Amino acid sequence: MLRLVADRLITTVPALVGVIVVCFLLTRVLPGDTAAYFAGPTATPQAIEQIRRELGLDRPLPEQFARYVADLARGDLGQSLTTGQPVAADLRARLPASAELTLFGLVLSLIVAIPLGITAAVRQGSMVDHACRIVATTGVSLPVFFTGLLLVTVFYFLLGWAPAPLGRLDTFASPPPELTGFYLVDSLAAGDLETFRAALAQIALPGITLAIFALAPIARITRAAMLAVLASDFIRTARAAGLSGRTVVITYAFRNAMLPVVTTLGMVFSFLLGANVLVEKVFAWPGVGSYAVEALIASDFAPVQGFVLAMAILYIALNLLIDLTYGVIDPRTASAA
Amino acid sequence: MSAGPLLDPAPGPRPQSGLGATLAHARYVVSGNPVTALAFGLLLLLVLCAVLGPALAPYDPLASDTAAALNPPSLAHPFGTDQLGRDILSRVVAAARLDLAIAVFSVALVFAVGGLAGLAAGYFGGWTDRVVGRIADTIMAFPLFVLAMGIVAALGNTVTNIVLATAIINVPLYARLARAEAAVRRNAGFVLAARLTGNSEIRILLTGILPNILPLMMVQMSLTMGYAILNAAGLSFIGLGVRPPTPEWGIMVAEGAGFIVSGEWWIALFPGLALMIAVFCFNLIGDGLRDIVDPQRRT
């Protein structure tokens, strides 16, 4: 198992190098003078010159790249002009909010999409199957920010069931003592049911928005993978041997259909990390996405670049995790590697 | 996998040539799937809005009339008016041109760059394949919308850069598709024959292989159009690219978002619906085309 992990780690190296090179290039292709951008609009020529020297922009490109990588290795992503804090610290402080929202949305969509996909495949041509197809086509067509606004209109403005779409907790409530940074987990750990309920009420709408977005690809691939597996010989044999329908579908078929589903999760994560930015803006969620958007509007580029790099590294890590779960689901892939 | 045009998707009598043939084929396609027919109808409407644009709109999409600000939908303003009293219906219609233009240009660009790169990678193999593959892998290592944000932020906040960013994040999709299809055919009989009769490699690639993969590419382009519209609208929703007062669906939803909590739902709803319908339409057409071009992939 350790060998396997090490092998998989090595395969991520080219992707990591590629990401760092692209991020470096993105910091250098800013139109006009990069130093002037980092200095801000009100800087004097002397200040710009000083920043140019501080950033090492007067050096040849390979040397700049070496310096960039060295800074990264120390976890230095530069300073944010708007918050005055190091970008890395800002990102770390806001990451739990984004992670909680993304995972909440993903779990919600898995709970709905997988049973839906399985039922659609088992009862092909039934109402559930048609519902699955409609959900899959509608889900990919809905702009995620528009879904969010629709939910706000209906559940906050019209029905009054949801709290105002303004962040993770009501302004008068205090966050639970920090343990994981996830308010849902922390409040439960502290035994504070009231805070838990408040946090759940706040996360419900943005979470559902993300879930609707992720539902379509998961339901679609679950259905397709189940159909392929259900048509195979070993399922016919299992049925012929008199196993119950439930055992055949859940134990035999679904375990085999999980590989393509897990593969799709990689793509779903790519979508979710992007959609997160839009959902955070709609719900004023204090995560890394809204941080990047605020910085973008203020022409503060270090946070944006830090955000892009952090998301890319996170995405590579998630894909690595997905690769490793293959081995758990299907021991054949682990021994073949 | 199917072999593209080698499989005739439309059995039965086919008219001889010209316009008649095209129309008959279109009727065949549409009669097979009423949903696709609906999608083509919607597409026609969108294209009409995009081409005629301001001529169709009842009001000037930029003209403000503060006396009529924030009016709910009425007979005079079927979609209502926004905070500056601009007619939302006119703005939604006028925005079709910009949104469709962004999608068309980015898809054309990615087809030209990603498609040809993938074609060359699959046909020539070797280092061409490795370089194209490495570039595609690097792009795929990013969450795509986040990469698009980074590109637009770095290159500058313009509509051209939105087109460019949307094209770049789709390159791997096209390159891989074209590569797989070209690799299957690189040593096919007709390619060997063409090579033997002295055709240059580039000529074989462009006149022999490219036409063979066009049907699958068309499907992909239709699906990518929807994605490109979503992506561009998402970027302008967070304030990239399109600037007010230019009518564009994403930015109109963003402008209306602040008014939802105070009850003016129509400002964000109608541009959002237009956006949704446009994407839905391209996805349906893509699915319909795929069922025809490649029945095995039907899900």
Fill in the blank from the handout: Residues of region B:246-273 being more than 10 Å from chain A (Cβ to nearest Cβ) and under 17 Å from the mean Cα position of the chain (by Cα), in sequence order, are B:GLU248
Exercise for the section: From (1) more than 11 Å from chain A (Cβ to nearest Cβ); (2) closer than 30 Å to A:ALA121 by Cα, pick out the condition that doesn't hold for B:ARG243. Expected result: (2)
Practice task
Take B:ALA148 and decide whether it is over 18 Å from the mean Cα position of the chain (by Cα) and either touching a residue at least 24 places away in the same chain (Cβ under 8 Å) or surrounded by fewer than 19 Cβ atoms within 10 Å (Cβ to Cβ) (or both).
Solution key: no
Handout entry: Test for A:LEU243: is it in the same structural domain as A:LYS281 (by TED's automatic domain parsing), touching a helix residue (DSSP H, G or I) at 6+ places or on another chain (Cβ under 8 Å) and assigned to a helix (DSSP H, G or I)
Key = no
Practice task
Within region B:254-270, identify whether any single residue is buried (at least 24 other Cβ atoms within 10 Å of the Cβ), in a helix (DSSP H, G or I) and not aliphatic (A, V, I, L, M), and answer yes or no.
Solution key: no
Practice task
Working carefully through the options A:LEU314, A:LEU309, A:LEU296, A:LEU259, find the one that is surrounded by fewer than 20 Cβ atoms within 10 Å (Cβ to Cβ), facing another protein chain (nearest Cβ under 9 Å) and not basic (Lys, Arg).
Solution key: A:LEU314
Handout entry: Subset of region B:151-170 [within 13 Å of chain A (Cβ to nearest Cβ) and touching a residue at least 24 places away in the same chain (Cβ under 8 Å)]
Key = B:VAL152, B:ALA153, B:ASN157, B:THR158, B:ASN161, B:LEU164, B:ALA165, B:THR166, B:ILE168, B:ILE169, B:ASN170
Practice task
Evaluate region A:32-55: report whether one residue or more is outside any helix (DSSP H, G or I), modelled with pLDDT under 85 and at the interface with chain B (Cβ under 10 Å from one of its Cβ atoms).
Solution key: yes
Practice task
Scan (1) away from chain A (no Cβ under 14 Å); (2) within 14 Å of the chain's Cα centre (by Cα) for the single condition B:GLY125 breaks and write down its number.
Solution key: (2)
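Are any residues in region A:116-157 in a helix (DSSP H, G or I) and out of contact with any helix residue (DSSP H, G or I) (no Cβ under 9 Å at 6 or more places or on another chain), and if so, which ones? Spell out the reasoning first.
Of the residues in region A:116-157, the ones in a helix (DSSP H, G or I) are A:116-122, A:127-141, A:144-157.
Of everything in region A:116-157, those that are in a helix (DSSP H, G or I) and out of contact with any helix residue (DSSP H, G or I) (no Cβ under 9 Å at 6 or more places or on another chain) turn out to be A:MET127, A:ILE134, A:VAL154.
The values are calculated or read from the model by the stated rules, or taken from the named source; none is laboratory data. These numbers were taken from a predicted model, which means no experiment stands behind them. Quick reminder, even Gly has a Cβ in these numbers, built from the backbone with ideal geometry, and neighbours come from all protein chains shown.
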